[in-house]
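Chemist: What follows is a single structure, and I will ask about it in a moment.
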Amino acid sequence: MNAREYYYTVLAPDEAGLSYAALHLEADGRHSTYYEEHERPTEEQWAAIFRHVPEHSNDALLEDVFKKIVDRSPVRLRPRLNNMFIAKKRDFRPIAGAYYFNDSYEGELIRFNVGLSDACLQYSTLFADFLNLLRAQARRSNGEPVPEFSRLSERVARHAGQLAELQVRWSKIAGVVALDENYLPTSPDSLEYAIKTAVLTDYFILAHEIAHHLLAHTGAENSAGEMLANIPEWAQDWIRVKTSHAVEFQADALAVLLLTGSGSQREKSDIVFEQRVWEAAIGSMLALTVIGQFADDAENDTDTHPSIRSRFSAVGRVLASLNAHAFRDAVEDILPFQQLLFRFQRRGIGSWDAQFTQSLTNSKR
Ligand SMILES: [Zn+2]
């Protein structure tokens with residue numbers, strides 16, 4: 001029995017092999033106010049989402065993301081990857097997890113709660129508007145007239161306030177992302193970037209859970225340990241920390257390697273590689289930023305988990321070791337965004353050690 005068969009026969013027989021959309025989206029998505037201001041998906045697009053036949057995931061988007069990760073992975077890992085199944089669950093706690101039930105089936109399971117992708121989409125929506133504002137600010141300080149500047153900055157302030165109110169509510173109800181009618185409105189000039197960015201966070205979150213499996217953190221054998229050994233020692237934050245912390249640093253690092261196609265035999269040009277590092281940088285650093293907004297204390301380790309701050313720094317070192325230029329481009333957009341969030345929410349990892357960033361961005365490729 002592979003992980004998909006196990007999921008549908010043992011864990012979720014009530015889902016009867018149906019896609020996430022077929023089970024939940026008719027009620028949740030199609031009539032959501034999220035689409036009100038913009039073009040809704042066409043009938044054909046909806047039909048394609050509903051028709052999705054679960055192979056590696058019950059969700060069409062996650063299936064697509066997963067296949068692209070497999071495509072970039074070293075060939076020897078693919079048989080194991082192809083036995084994995086990603087279950088999207090209608091659960092509003094913003095978490096994902098990797099599960100392996102010893103001997104009960106061949107293959108490994110990943111749970112991806114809709115609350116996590118919803119939260120990432122909301123933060124990505126604000127991030128997209130915020131980047132528009134940053135670019136406008138840069139043009140303005142070059143002496144260009146930017147008539148839309150005050151409209152952009154007013155919108156960012158309004159939405160940052162709105163998201164802060166949402167986050168207070170989510171945090172109060174134990175981190176449950178209850179959106180109902182409270183989606184942040186998107187704007188036509190940033191919608192595409194918001195969705196693209198949200199998908200990059202999905203890539204990282206999924207790759208992180210895959211990495212837990214591949215590195216034997218869930219029980220099966222370790223197939224990817226030697227990939228981590230190629231990372232320079234100054235970027236190996238898992239050395240000399242306790243195991244429960246080390247596994248998170250390792251999963252973050254391997255996720256970045258998988259997303260960038262590092263360790264794969266395939267030829268790739270420098271430009272393609274740099275673009276992949278940039279995408280992995282935005283996805284990983286934004287996902288950790290969002291998780292940091294939910295953390296009671298993003299700055300300090302707990303017994304079981306390293307702090308979000310230290311995971312953010314560690315993944316930055318891995319990214320910088322792969323391509324310092326791509327890392328710098330991404331981090332220059334992420335850091336001011338974290339500061340914006342901190343100003344409005346008084347939580348997260350928005351205060352940053354500028355000197356540390358400087359030392360990273362000056363490092364060699
Ligand atoms: Zn983890």
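Chemist: Can you confirm whether region 235-248 contains a residue that is within 16 Å of the ligand (Cβ to nearest atom) and within 21 Å of Tyr123 (Cβ to Cβ)? Let's see the steps before the verdict.
Modeler: From region 235-248, those within 16 Å of the ligand (Cβ to nearest atom) are 237-238, 241-248; that's our starting set.
Next cut, within 21 Å of Tyr123 (Cβ to Cβ) only: 248.
Yes, the conditions are met somewhere in region 235-248.
Chemist: If you go through region 218-241, how many residues are of a type in the set (D, E, K, R) and closer than 28 Å to Pro79 by Cα? Give the steps one after another, and end with the answer.
Modeler: Pass one, region 218-241, residues of a type in the set (D, E, K, R): 221, 226, 233, 237, 240.
Those still in the list that are closer than 28 Å to Pro79 by Cα too: 221, 226.
Qualifying residue count for the region: 2.
Chemist: Looking at region 179-186, is at least one residue within 16 Å of the ligand (Cβ to nearest atom) and in contact (Cβ under 8 Å) with a residue 12 or more places away in the chain?
Modeler: no
Chemist: Could I ask something else about it? Consider region 62-96. How many of its residues are of a type in the set (D, E, K, R), under 24 Å from Ala295 (Cβ atoms) and more than 16 Å from the ligand (Cβ to nearest atom)?
Modeler: Our first condition is that a residue be of a type in the set (D, E, K, R); within region 62-96, this holds for 63-64, 67-68, 71-72, 76, 78, 80, 88-91, 93.
Add one more test, that the residue is under 24 Å from Ala295 (Cβ atoms), and what stays is 88-91, 93.
Now drop any that are not more than 16 Å from the ligand (Cβ to nearest atom), which leaves 88-91.
The qualifying residues number 4.
Table: residues versus (1) at pLDDT below 95; (2) assigned by TED's automatic domain parsing to the domain that holds Leu257; (3) part of a helix (DSSP H, G or I).
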| site | (1), (2), (3) |
| --- | --- |
| Arg93 | yes, no, no |
| Gly97 | yes, no, no |
| Phe101 | yes, no, no |
| Leu121 | yes, yes, yes |
| Ser124 | no, yes, yes |
| Phe127 | no, yes, yes |
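Chemist: Now a separate question. For residues that are open to solvent by 10 Å² or more (accessible area, probe 1.4 Å) and more than 11 Å from the ligand (Cβ to nearest atom), scanning just region 203-216, find the one that is nearest to Lys89 (Cα to Cα).
Modeler: Tyr203
Chemist: Being touching a Pro at 6+ places or on another chain (Cβ under 8 Å) and either more than 22 Å from Val290 (Cβ to Cβ) or of a type in the set (A, V, I, L, M, F, W, C) (or both) is the requirement here; does Val168 meet it?
Modeler: Numbers: touching a Pro at 6+ places or on another chain (Cβ under 8 Å): no; either more than 22 Å from Val290 (Cβ to Cβ) or of a type in the set (A, V, I, L, M, F, W, C) (or both): yes.
Here the answer is no, as Val168 does not meet what is asked.
Chemist: Next question. Hey, can you tell me all the residues within region 91-113 that are in contact (Cβ under 8 Å) with a residue 24 or more places away in the chain, more than 18 Å from the chain's Cα centre (by Cα) and open to solvent by 70 Å² or more (accessible area, probe 1.4 Å)?
Modeler: Of everything in region 91-113, those that are in contact (Cβ under 8 Å) with a residue 24 or more places away in the chain, more than 18 Å from the chain's Cα centre (by Cα) and open to solvent by 70 Å² or more (accessible area, probe 1.4 Å) turn out to be Tyr99, Phe101, Asn102, Glu106.
Chemist: Go through region 97-136 and count every residue that is within 16 Å of the ligand (Cβ to nearest atom), out of contact with any Ser or Thr (no Cβ under 6 Å at 6 or more places or on another chain) and over 19 Å from Asn82 (Cα atoms).
Modeler: The initial filter retains those residues of region 97-136 that are within 16 Å of the ligand (Cβ to nearest atom), namely 97-100, 108-113, 116, 120.
Checking which are out of contact with any Ser or Thr (no Cβ under 6 Å at 6 or more places or on another chain) leaves us with 97, 99, 108-113, 116.
Then keep just the ones that are over 19 Å from Asn82 (Cα atoms); that gives 113, 116.
Adding up the residues that qualify gives 2.
Chemist: Right, next: Name the residues in region 103-119 that are assigned to a strand (DSSP E or B) and in contact with an Asp or Glu (Cβ under 9 Å, 6 or more places away or on another chain), would you? Let's see the steps before the verdict.
Modeler: Looking only at region 103-119, we keep the residues that are assigned to a strand (DSSP E or B), and these are 106, 109-113.
Matches in region 103-119: Ile110, Arg111, Phe112, Asn113.
Chemist: Only one residue in Val241, Val256, Val247, Val277 is β-branched (Val, Ile, Thr) and surrounded by fewer than 20 Cβ atoms within 10 Å (Cβ to Cβ). Which one? Steps first, please.
Modeler: On the way: Val256 fails: surrounded by fewer than 20 Cβ atoms within 10 Å (Cβ to Cβ); Val247 fails: surrounded by fewer than 20 Cβ atoms within 10 Å (Cβ to Cβ); Val277 fails: surrounded by fewer than 20 Cβ atoms within 10 Å (Cβ to Cβ).
After ruling out the rest, the residue left standing is Val241.
Chemist: Which one is most open to solvent (accessible area, probe 1.4 Å), of the residues in region 138-167 that are within 27 Å of the chain's Cα centre (by Cα) and free of Cβ contacts under 8 Å to residues at least 40 places away in the same chain?
Modeler: Glu165
Chemist: Related question: Looking only at region 224-241, how many residues end up being in contact with a Lys or Arg (Cβ under 6 Å, 6 or more places away or on another chain) and acidic (Asp, Glu)? Reasoning before the result, please.
Modeler: At the first step, the residues of region 224-241 found to be in contact with a Lys or Arg (Cβ under 6 Å, 6 or more places away or on another chain) are 235.
Still in the running and acidic (Asp, Glu): none.
Number satisfying all stated conditions: 0.
Chemist: Also: I'd like to check something: does region 155-165 contain any residue that is closer than 19 Å to Tyr99 by Cα and of a type outside the set (Val, Ile, Thr)?
Modeler: No, because not a single residue in region 155-165 is closer than 19 Å to Tyr99 by Cα and of a type outside the set (Val, Ile, Thr).
The values are calculated or read from the model by the stated rules, or taken from the named source; none is laboratory data. Remember, it's a predicted structure, so these values are computed and weren't measured experimentally. Virtual Cβ from ideal backbone geometry, glycine too; neighbours counted across all protein chains shown. Just the protein is used for accessible areas: all its heavy atoms, side chains included, with ligands, DNA and RNA removed. Shrake-Rupley method; radii C 1.70, N 1.55, O 1.52, S 1.80 Å.
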